[in-house]
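These notes are about the structure you will find just below.
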Amino acid sequence: MVTTDSFFGKKKIRENIVKNFPDGLASDMEGSSVAQVAHHFKVPYTVLRVISDEATDGAGFTFDEIGDEVGKILINYFESLS
């Protein structure tokens, strides 16, 4: 997992990250911050991520287009925990 503060859709950003972290399989913009703070305060945490694009010059769909499906997956996940 590579953490970044930039969307991978821009070729120059993507090439720079791949050059520096060639083994990275996915990127995360927010989850690593949550993990770092939770770890510091010794609080258990779970970060659930949905990969919404393939880090190409144009994503095949928008987040809004997959939002309903993602919501269903999350509801099922959290219901399975109880």
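Got a sec? Which of ILE13, ILE17, ILE66, ILE75 is at pLDDT below 80 and over 14 Å from the mean Cα position of the chain (by Cα)?
Working: ILE13 fails: at pLDDT below 80; ILE17 fails: at pLDDT below 80; ILE75 fails: at pLDDT below 80.
Going through ILE13, ILE17, ILE66, ILE75 in turn, the sole match is ILE66.
Looking only at segment 16-34, decide whether some residue is more than 22 Å from LEU74 (Cα to Cα), in contact with a helix residue (DSSP H, G or I) (Cβ under 9 Å, 6 or more places away or on another chain) and open to solvent by less than 50 Å² (accessible area, probe 1.4 Å).
Yes, the conditions are met somewhere in segment 16-34.
The values are calculated or read from the model by the stated rules, or taken from the named source; none is laboratory data. On a predicted model such as this, the values are computed, not experimentally measured, just so you know. For neighbour counting, all protein chains shown are included, and Cβ atoms are generated from backbone atoms with ideal geometry for every residue, glycine included. Surface accessibility is based on the protein's heavy atoms, side chains included, excluding ligands, DNA and RNA. Shrake-Rupley method; radii C 1.70, N 1.55, O 1.52, S 1.80 Å.
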